[in-house]
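Let me begin by presenting the structure, written as C-alpha cells, before commenting on it.
Rule-based calculations on the coordinates, nothing more; no lab input. For clarity, every value in this text was computed on a predicted model and none was experimentally measured. Cβ: placed from backbone, ideal geometry, glycine included. Neighbour counts: every protein chain shown.
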Amino acid sequence: MTESSSFPLALDQIGRPEFAPTLLAHMNASVGAEHCVLFRFEQDDVKVLGFASKDGAEMAGVNSERYRKKFWKRDSIFQELKESLGGYRAEVSCVATEEVADAEFRHELFLTQGLAGRAMLVGERSGKLYGVSFFRDQTAGFFSQPERLVIRSLADTLISCVAKHHDVLIRDSSLCALFASIEELASSFASIPAQLTARECEVCARIVYGMSMKEIARDLNISAESGITYRKRAYLRLRVTSRSELLRRLLENL
C-alpha cells in the first residue's frame, strides 16, 4: 500500500473501530510508525478514542491503559504542548526514550515496551483537546529528522481527523463508551445476554484492549492459568474463537 493510497482509506474509516489501524497503516508507510494511540483530553480525565499496533502487537492497547490510569497528568511533554496551543495549529513533540526525564514514566511506558521514543501531536478543535501519539520500536530506531518533518506537516490534518472521529463516535454513545476505559468495556460485556461472570467480563475487556494473558493476569492479580480458563469459558459462552470475533460480538450487542 502506498502512502498516497492509504490516507483516503483512513478517512473512510473515521468513526469506526478500524480507523486507528488504518491510520497507523498510513503513518507506517509515511514515517515508519509502528504503534499509535488516539486521545481526547478532558479537565480531569483522558479518553482513548482508538489504538493500533503493527502486525497485531499488543503495545498500543497496554500503553494506552497505563497512560490513562497513571501517567497522563505526569506527562510533561503533553503539558508543554497544551500550554503552547493557540488557534487551529497543532503542536508536535518528538522525543527519544533516553530524553524522557521522568524515570518511572520512561521505564513503564517506553523501556519495558522496547520503544525508541514518541511523536506526540496535540491540538484543539471546537473547544475540545485531542492528541495522537506515534511510536517506533527500538529495533527500528527513533524517527529521523526527515520523518519528523513529515509528522509535523501532517499534524493539523491528523488532529482534525481524530476530532471528526470523536464527533462520529459520540453520535452513538455506546460505541464511544467502548473505547473509554477497560471498566466500561467490562460493563459492555456484562450486558451481553450470555451470562458471563464478572471475572470473565474483566478478562474479555482486557483482551479487546490488546493485553496479553500475562498482562491480564498481572493486572487482575490472578495466575496466567486462571486467566486462560476465564478466557476459554467466556469464548465458549460467546461462541467466538479470537480477539477479532470477540470485538465483533461486542459491537453486535451495542
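Mean separation of Cα pairs under 8 Å and 6 or more residues apart, divided by the residue count, gives the chain a relative contact order of 17 percent. The loop-placed trypsin sites (Lys or Arg not before Pro) in region 6-74, going by DSSP, include none that has at most 15 neighbouring Cβ atoms within 10 Å of its Cβ.
Applying Stokes-Einstein at 37 °C and 0.692 mPa s to the Kirkwood radius of region 1-122, computed over alpha-carbon pairs, gives a translational diffusion coefficient of 215 µm² s⁻¹. Grab the other residues whose beta carbon is less than 11 angstrom from that of Leu24, score K and R as +1, D and E as -1, and report the net. Net charge in that neighbourhood comes out at -2.
The Kirkwood radius of region 23-92, taken over pairs of alpha-carbon atoms, gives through the Stokes-Einstein law at 10 °C and 1.306 mPa s a diffusion coefficient of 119 µm² s⁻¹. The helix-only estimate of mean residue ellipticity at 222 nm for the chain, built from DSSP H runs of length n ≥ 4 each weighted as -39500 (n - 2.57), is -15500 deg cm²/dmol after division by the residue total. What do you get for the angle between helix 198-208 and the principal long axis of the chain? Use alpha-carbon atoms, 0 to 90 degrees, nearest ten. Long axis of 198-208 versus the principal axis of the chain: about 40 degrees. Computed from the Cα positions only, the extents of region 181-253 along the three principal axes stand at 29, 24, 20 Å, in decreasing order.
The longest part of the chain holding none of the exposed loop GluC sites (Glu not before Pro), meaning those outside H, G, I, E and B in DSSP with at most 16 other Cβ atoms within 10 Å, is 43-254.
Counting only Cα atoms, the size of the chain along its three principal axes is 50, 39, 38 Å, in decreasing order.
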